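Heads up: the structure comes next, in structure tokens.
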């Protein structure tokens, strides 16, 4: 356990920063009870979730998805009412969790709030919490530390309530054993496909069938609106070459951010742990201490045998097998008593007994990796690039509004806006409505291009954000309205489609007939493929529906035969020849499956609890495009 905390601490901090910061910045609780109905997105048991709160949460979700998807991100997905509804639903859930946590008298201690805040990267300078930066970040969000900490406390309260269910799922060993047997059982099968290709010669399609299909499926032959445009793109990257960074600025940045260019001292230690819970009885505490003192005496008498003592006696499962070796670690990566002791030792020295929440430690310092500061000459290029990026971003923010205004105010030409930012006016090929074609032709950009105002009145589009710090405005040069292709153009496509459809039906009919013969005990001539073993989870090219039939078949008498239609190829017959049970179930495997089952049942319990909370709550939603049955639209 101790080794796990050491190895995963940084990961835990990152996860806290990513998960908690967005909710904390925008709040799970509304502290502004004023405002009229139009400013309220929803009420939960009489308390408000404001439109501003919802918009901020949407923006945070948008930023997270932009980071995750990179170039594949499309801001147009946030125009979907269902996305807005999903974010609002999450805010409602958070509000109810906090409400119930408070009713259950749960509390979050001040030191936990402080620990979480210190671990949020946005509030750190050089990897360490910086109070001035903390206050500045909050001020930029028009928020005081007091309000932020109250909202963060509510978020942690809600998380406590959720964890009470999610982390307490149950799975009996007998259930885990059954799941293992089902999951790992193999069935040996052979496959005989009946392809539609051999029935193509029997399929017939006349002109009347072609015309009927064409008339009944006009949408298949619809040609969407198309347009060629000229466009101007303004990006922060265009400004990088225009930015000057002085030597003085580079030096000043280096001097003021020394923590960014240094690696802190790290220590390599090993330890022996005699574990005892802080809640253990005094007798248990004394026994653990006595055993640790005996080992300490042995270690000091023969330091060379420290690793051997650790392997035989240490109760830290993560490091005992490695002779207690914990590898290198920096300040603050271990629990405080251990950390203080390890950084006070000299190389080769063995500590006295060190008491922590895990028990009693005996620590041996193996090596020290001293701190190092990157020389200015080596750091210079990176600083120049960083300052250039910062200055370019500042210039972009200043000029983006001017670019957008020029596009709007002189809507019959892109030239003034392009000249303002030094952008080129380029031309596109044919763009198709609703068919995104990569940057800069995102779904949102195409939506703007095919807007009625842009098409009919030959106006510029608005300046659309197609990527982070990248704006594009366009103007239509050529336009083709939507149309339906003539029957003469598509009749051969229709003919092949109908012939294939008939051939698939004939193959399926033949397959079902052969399956009846096989299940009746007859042995029609078939070509069976090589035997293969399949499980419920690993089934190669066989689809899940066919696998379900294979494992539902009675294996008491083999062979058994099953079959299914294959919409791509015709029909598939399967012969089941043997059943192989999985390997013997050992404790490690049982534990892995049980853990997964506990996680699944815990998550289901949490979801059920939240659904019940919503069912019992009075929720009024001011988003008429999507209102669940148990909610009402706010008038």
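The values are calculated or read from the model by the stated rules, or taken from the named source; none is laboratory data. None of these values were measured; they are calculated from a predicted model. Counting neighbours? That spans all protein chains shown, and the Cβs are built from the backbone with ideal geometry, glycine included.
Report whether or not residue 239 is within 30 Å of residue 395 (Cβ to Cβ), crowded, with 19+ Cβ neighbours inside 10 Å and in contact (Cβ under 8 Å) with a residue 24 or more places away in the chain. Yes; evaluated as a whole, the condition is true for this residue. Between 106, 157, 152, 138, the distinction of being free of Cβ contacts under 8 Å to residues at least 60 places away in the same chain, in contact with a helix residue (DSSP H, G or I) (Cβ under 7 Å, 6 or more places away or on another chain) and under 30 Å from residue 608 (Cα atoms) belongs to 106 only. Only one of the numbered conditions (1) without any contact (Cβ under 8 Å) to a residue 60 or more places away in the chain; (2) touching a strand residue (DSSP E or B) at 6+ places or on another chain (Cβ under 8 Å); (3) surrounded by fewer than 16 Cβ atoms within 10 Å (Cβ to Cβ) is violated by residue 493, and that is (2). For the stretch 271-284, which residues satisfy the criterion of being surrounded by fewer than 17 Cβ atoms within 10 Å (Cβ to Cβ) and more than 38 Å from the chain's Cα centre (by Cα)? Scanning the stretch 271-284 gives 280, 281, 282, 283, 284.
Of all residues in the stretch 445-490, count the ones that are in a helix (DSSP H, G or I) and surrounded by 16 or more Cβ atoms within 10 Å (Cβ to Cβ).
We begin by selecting, within the stretch 445-490, every residue in a helix (DSSP H, G or I); these are 445-449, 452-457, 487-490.
Next, from what is left, pick out any that are surrounded by 16 or more Cβ atoms within 10 Å (Cβ to Cβ): 445-449, 454-455, 490.
Number satisfying all stated conditions: 8.
In the set 542, 515, only one residue is modelled with pLDDT of 90 or more and either surrounded by fewer than 14 Cβ atoms within 10 Å (Cβ to Cβ) or in contact with a helix residue (DSSP H, G or I) (Cβ under 8 Å, 6 or more places away or on another chain) (or both); that residue is 542.
For every residue, the table says whether it meets (1) touching a residue at least 24 places away in the same chain (Cβ under 8 Å); (2) closer than 16 Å to residue 126 by Cα.
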| site | (1), (2) |
| --- | --- |
| 253 | yes, yes |
| 263 | yes, yes |
| 274 | yes, no |
| 285 | no, no |
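Can you pull out every residue in the stretch 557-579 that is in contact (Cβ under 8 Å) with a residue 12 or more places away in the chain and more than 19 Å from residue 529 (Cα to Cα)?
Hit for the stretch 557-579 is 567, nothing else.
Among the residues of the stretch 127-150, those that are within 23 Å of residue 333 (Cα to Cα) and modelled with pLDDT of 85 or more comprise 129, 130, 131, 133, 134. Could you please let me know if residue 483 is touching a strand residue (DSSP E or B) at 6+ places or on another chain (Cβ under 8 Å) and at pLDDT below 95? So residue 483 passes the test.
Might you check whether a residue that is within 25 Å of the chain's Cα centre (by Cα), surrounded by 14 or more Cβ atoms within 10 Å (Cβ to Cβ) and part of a loop (DSSP other than H, G, I, E, B) occurs anywhere in the stretch 166-186?
Filtering the stretch 166-186 for residues within 25 Å of the chain's Cα centre (by Cα) gives 166-169.
If we keep only those that are surrounded by 14 or more Cβ atoms within 10 Å (Cβ to Cβ) as well, we get 166, 169.
Now narrow it down to the ones that are part of a loop (DSSP other than H, G, I, E, B): 169.
Checked the stretch 166-186: at least one residue is within 25 Å of the chain's Cα centre (by Cα), surrounded by 14 or more Cβ atoms within 10 Å (Cβ to Cβ) and part of a loop (DSSP other than H, G, I, E, B).
For the stretch 30-44, the count of residues that are surrounded by 17 or more Cβ atoms within 10 Å (Cβ to Cβ), at pLDDT 85 or above and assigned to a helix (DSSP H, G or I) is zero.
Could we say that residue 317 is loosely packed, with under 14 Cβ neighbours inside 10 Å, within 34 Å of the chain's Cα centre (by Cα) and at pLDDT below 90 here? Considered against the rule, which asks whether it is loosely packed, with under 14 Cβ neighbours inside 10 Å, within 34 Å of the chain's Cα centre (by Cα) and at pLDDT below 90, residue 317 comes out as yes.
Could you grab me the full set of residues in the stretch 544-571 that are in a loop (DSSP other than H, G, I, E, B) and within 21 Å of residue 513 (Cα to Cα)? Listed by number, the residues that qualify are 553, 554, 558, 559, 567, 568, 569.
Okay, residues lined up against (1) touching a helix residue (DSSP H, G or I) at 6+ places or on another chain (Cβ under 8 Å); (2) farther than 27 Å from residue 129 by Cβ:
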{"site": "328", "(1), (2)": "no, no"}
{"site": "354", "(1), (2)": "yes, no"}
{"site": "357", "(1), (2)": "no, no"}
{"site": "364", "(1), (2)": "yes, yes"}
{"site": "377", "(1), (2)": "no, yes"}
{"site": "401", "(1), (2)": "no, yes"}
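Scanning the stretch 367-387 turns up no residue that is touching a strand residue (DSSP E or B) at 6+ places or on another chain (Cβ under 6 Å), farther than 17 Å from residue 263 by Cα and either in the same structural domain as residue 274 (by TED's automatic domain parsing) or exposed (fewer than 12 other Cβ atoms within 10 Å of the Cβ) (or both). For the stretch 572-598, the set of residues classified as touching a helix residue (DSSP H, G or I) at 6+ places or on another chain (Cβ under 8 Å) and part of a helix (DSSP H, G or I) consists of 589, 590, 593, 594, 597, listed by residue number.
Only residues that are touching a residue at least 12 places away in the same chain (Cβ under 8 Å) and either within 26 Å of residue 437 (Cβ to Cβ) or surrounded by fewer than 20 Cβ atoms within 10 Å (Cβ to Cβ) (or both) were counted across the stretch 66-86, and they come to 13. In the stretch 223-327, counting only helices (runs of 4 or more DSSP H) that sit wholly within it, the ones holding 3 or more residues that are within 24 Å of residue 338 (Cβ to Cβ) span 282-301, 306-313.
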